[in-house]
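The values are calculated or read from the model by the stated rules, or taken from the named source; none is laboratory data. Model, not experiment: these values are computed from the prediction. Note: ideal-geometry Cβ built from the backbone for every residue, glycine included; neighbour counts use all protein chains shown.
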Amino acid sequence: MPRFSYVNGRYVPHAEAAVHIEDRGFQFADGVYEVISWIGGHFADEVGHLDRLERSLREMRIAQPMPRRALQLVLREFIRRNRLKDAYVYIQVTRGVAPRDFKFPQEDVRPSLIVSAIGRPSFDIAARKKLLKKAVTVPDIRWKRRDIKTTSLTAQVLAKQTAVDRGAYEAWMVDDEGFITEGSSTNAWIVDKKGTLITRPTDHNDILKGVTRNAIQALCKKEGVKLVERAFTPAEAYKAKEAFITAATTLVMPIVEIDGHKIGDGRLGNLTEKILDFYFAYAADEKRRQERWTPK
Ligand code: PLP
C-alpha cells in the first residue's frame, strides 16, 4: 500500500487522504479518471493515457487541473515519495467542490485532482502465461458515452460483482442488439477458427478506446496479424478458438471459459501467447512507448 496520496496540490499520508463531501465526484460521479501501469521504473503507454485523460476532460467540459508537463512531474514525485516499483497509478479529476446542484457551478470552481496507487505484481511474463481466466456475459446497462472514461462506474461495479458471484474474473457486457461491447474494465477480443483476431470497433462511442487495445492494434499491424474490427455475439465467442481481454491493469489476459463454454482447448492459445509476447516486449521498450497516440 503506498504511503502517500496526492490530493489537490499536497502529498498526504494515504490514511488521511480525503476530499470534501461536496466534491462533485462524490455527489454526482462528475469526474474522469485514468489508470496507468508503473512497471519496474517506467509508465506503460503514458502518452496514450494522458491524451485520453485530456479528451475525457474536454468531452465533460471540465477544466484541465494543470498542464500536462506539470501533471507528469506530480506523477513522478508521487512515485518517488512512495518508492514504487510496480503499481497501478490512478489519476482522478472531478469538476470540483461546490454546493450540491446538478448544473455546473456558476462561479470559477477549481477541478479536484487526486493521484493514488495500488501495488501490482511485478512484470513476469512466464507467470502471466499461467493466468487463465473465466468470463460471463451480462447485459450492458451503461449510458451511451462509453468513450469517456468517467468515474461513474456503477454498472461496471455490478457487472464485475456478477462475474465474481458466478465464479469468473470478468463480465463481458452485451448490448441491446445481442453483441458484446467490452469487459467491465477491459476490452474484449476473440480469435476465430481461421485465426483472425476480432474486436469491436470504437467509432460509435459504445466502448472505451482502450490504450492497451490501441497498442495491440498497432503491434498486430506491424507483426502481420490479421485483425478485423467488428462486433461479435456471445454465441460466436463460445465457438472461438481463443479469447482474451486487455487493459492497463490486466495487460493481456487469456480467457479460457465464457458462460461455462470452454474456449478452444481451454489453454493459452497460440495467437494470445504471441500477442502477450509482443505487448510485453513493447511495454519494456521505453522509447517506443513515447510514440504519440491521438484518440479520435
Ligand atoms: N473498457 C473499459 C470499460 C475499461 O474500464 C477499461 C479500463 O479501465 C478498458 C476498456 C481498457 O482500457 P485501457 O487499455 O486504456 O486500460
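Residue 274: over 20 Å from the mean Cα position of the chain (by Cα), touching a residue at least 12 places away in the same chain (Cβ under 8 Å) and more than 23 Å from residue 51 (Cα to Cα), yes or no? Yes: the conditions hold for residue 274.
For the range 210-236, which positions are part of a helix (DSSP H, G or I), under 20 Å from residue 273 (Cβ atoms) and either within 16 Å of the ligand (Cβ to nearest atom) or β-branched (Val, Ile, Thr) (or both)? 212, 213, 215, 216, 217, 218, 219, 220 - these are the residues of the range 210-236 that are part of a helix (DSSP H, G or I), under 20 Å from residue 273 (Cβ atoms) and either within 16 Å of the ligand (Cβ to nearest atom) or β-branched (Val, Ile, Thr) (or both).
Among the residues of the range 2-19, not a single one is surrounded by 20 or more Cβ atoms within 10 Å (Cβ to Cβ), more than 16 Å from the ligand (Cβ to nearest atom), under 25 Å from residue 208 (Cβ atoms) and within 20 Å of the chain's Cα centre (by Cα).
Restricting the range 167-199 to residues that are assigned to a loop (DSSP other than H, G, I, E, B) and near the ligand (Cβ under 10 Å from one of its atoms) leaves a set whose member that is surrounded by the most Cβ atoms within 10 Å (Cβ to Cβ) is 186. Residues that are within 15 Å of the ligand (Cβ to nearest atom) and either within 15 Å of the chain's Cα centre (by Cα) or of a type outside the set (Ser, Thr, Tyr) (or both) are absent from the range 94-113.
Looking at this structure, is residue 137 modelled with pLDDT of 95 or more, farther than 16 Å from residue 250 by Cβ, within 14 Å of the ligand (Cβ to nearest atom) and polar (S, T, N, Q)? No, not satisfied.
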